[in-house]
Amino acid sequence: MDPMAELPCKPTSQSRTVLCQIMRLEDANLHGNVHGGVIMRLADEAGALACIRHAQRMVVTVVMDSMTFNHPIHLGDVVTLTSQVTCAGRTSMEARVDVEAENPLTGVRVHTNTAYLVYVALDDAGRPAAVPMLCGETDEEREEMARAEERQSLRRARAGRPAEPGTSHG
């Protein structure tokens, strides 16, 4: 069988992942805010897990788009990262990761940021491997998939590579 043969289409919901973690002393700076790098690491883990679920293969991170921190995350907050695959190419996938901080004493929740990351699936020898196509189940998911393909085209243009034909399906 051709290792790059087209795989069946999988719905975005099958990749959805939720990670929760309380922010501890070692995560915070001297102001009591969580270091941005801690959140970036957690976002990478959440995005990778969504892509692993989609591809059912190990993945490596290729790109993390810019991450703007719209609200500080404090020591003792519970951080919830929700991720899912938003675009699937031949061997690569984009994942959206939404980050929310909750003060567990008050119950107040704040969306702190959203990140988009790109991963490549690997075969057992560590070479790029084919991934299933992505199927949007709702209009919102199909719109997100279209925006993801636009982001991927921009990434390719910045890198001087030709656009890859979209393999996500609505």
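The values are calculated or read from the model by the stated rules, or taken from the named source; none is laboratory data. All values reported here derive from a predicted model rather than from experimental measurement. Reconstructed Cβ throughout: ideal geometry from the backbone, glycine too, with neighbour counts over all protein chains shown.
Structure summary
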read-out: Those strands (runs of 3 or more DSSP E) lying entirely in region 62-169 with at least 3 residues small (Gly, Ala, Ser) and at pLDDT 90 or above; value: 92-102
read-out: Residues located in region 71-83, provided they are in contact with a Cys (Cβ under 9 Å, 6 or more places away or on another chain) and crowded, with 16+ Cβ neighbours inside 10 Å; value: VAL79, THR80, LEU81, SER83
read-out: Near pairs, Cβ below 9 angstrom, 6+ apart or cross-chain, from region 30-50 (of a type outside the set (S, T, N, Q)) to any residue that is in a helix (DSSP H, G or I); value: VAL34/ASP27; HIS35/ASP27; VAL38/GLU26; VAL38/ASP27; ILE39/ASP27; LEU49/SER15; ALA50/SER15
read-out: Residue among THR138, THR91, THR86, THR68 that is more than 13 Å from the chain's Cα centre (by Cα), crowded, with 21+ Cβ neighbours inside 10 Å and not small (Gly, Ala, Ser); value: THR91
read-out: Count of region 54-96 residues which are among the β-branched types (Val, Ile, Thr) and over 16 Å from GLN152 (Cβ atoms); value: 7
read-out: Residue count, region 38-81 (criterion: more than 29 Å from PRO104 (Cα to Cα) and among the aromatic types (Phe, Trp, Tyr)); value: 0
read-out: Whichever residue in region 108-135 is surrounded by fewer than 12 Cβ atoms within 10 Å (Cβ to Cβ) and among the charged types (D, E, K, R) and, among such residues, is nearest to GLY36 (Cα to Cα); value: ARG127
read-out: Residue under evaluation ASP44, criteria (1) under 30 Å from ARG158 (Cα atoms); (2) of a type in the set (D, E, K, R); (3) touching a helix residue (DSSP H, G or I) at 6+ places or on another chain (Cβ under 7 Å), criterion not met; value: (3)
read-out: Where VAL18 falls short, out of the listed (1) in contact (Cβ under 8 Å) with a residue 60 or more places away in the chain; (2) surrounded by fewer than 16 Cβ atoms within 10 Å (Cβ to Cβ); (3) among the aliphatic types (A, V, I, L, M); (4) under 21 Å from ALA130 (Cα atoms); value: (4)
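Conditions tested, residue by residue: (1) more than 26 Å from ASP139 (Cα to Cα); (2) surrounded by 18 or more Cβ atoms within 10 Å (Cβ to Cβ).
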position	(1), (2)
ILE39	yes, yes
ALA55	no, yes
THR61	yes, no
GLU100	no, yes
